[in-house]
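Q: The structure's right below; bear with me while I get my questions together.
Every number here is computed from the coordinates shown, using simple stated rules; none is lab data. Since the model is a prediction, treat every value here as computed from it, not as a measurement. Quick reminder, even Gly has a Cβ in these numbers, built from the backbone with ideal geometry, and neighbours come from all protein chains shown.
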Amino acid sequence: MPRAKCAVARKKRKKRLLNNTEGYWGKRKNVYKRASETYVRAMAYAYRDRKCRKREFRRLWITRISAAVRQRGLTYSRFVNGLLKSGIEVNRKILAELAVNDVVAFDRLVETAKQHL
């Protein structure tokens, strides 16, 4: 009979995987092979979507800035160009936050951008 050399380590490894797949549907949570396949795929999706989330937020910020700037008679690209020429370096996250929450400060930025065009 073959000797089991890694019983404790193997049990720990399987237990860790099955704990991570808790909440999955059907055999995906309690059959090691199915759980392993599903978990590997889930981690791949998680890695991919962490990158994708950054892109989606950037799109959202640009949309918000564009909408706010159009109400003030500029386009997004001309606004960003005016900010660059005036030497103001504010990232899109902060610009979107200002457009939504601090209208007075955003108006000043728009006026500054208009002057430097």
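Q: Quick one: compute the contact order of segment 1-97, relative version, from alpha carbon pairs under 8 angstrom and 6+ residues apart, as a percent.
A: 17
Q: I'm spelling it out carefully: the read-out is mean projected area of the Cα convex hull in nm², the candidates are (i) 12.2; (ii) 8.7; (iii) 6.9, and one was derived from this structure. Which label?
A: Given (i) 12.2; (ii) 8.7; (iii) 6.9, the calculated one carries the label (i).
Q: Using alpha-carbon positions, what is the distance between the centroids of segment 65-101 and segment 1-32, in Å?
A: Answer, in whole Å: 53.
Q: Separate question: Hey, got a sec? Which GluC sites (Glu not before Pro) in segment 1-96 land in a DSSP loop and have at most 12 other Cβ atoms within 10 Å?
A: Answer in residue order: Glu22, Glu89.
Q: Can you tell me the FRET efficiency between Thr112 and Lys54 if r is taken as the Cβ-Cβ distance and R0 is 22 Å, rounded to the nearest 0.05?
A: Given R0 = 22 Å and the Cβ-Cβ separation, E is 0.20.
Q: If R₀ is 22 angstrom, what is the calculated FRET efficiency for the pair Lys5 and Met43, using the beta carbon separation as r and rounding to 0.05?
A: 0.20
Q: Which of the pairs Lys11/Lys54; Lys54/Lys114; Lys15/Lys93; Lys14/Lys93; Lys12/Lys54 have their Cα atoms more than 31 Å apart in this structure?
A: With Cα atoms farther than 31 Å apart: Lys11/Lys54; Lys15/Lys93; Lys14/Lys93; Lys12/Lys54.
Q: Length gain on complete extension for the stretch Lys33 to Val104, per 0.36 nm per residue less the alpha carbon to alpha carbon distance?
A: Between Lys33 and Val104, full extension yields an extra 19.7 nm.
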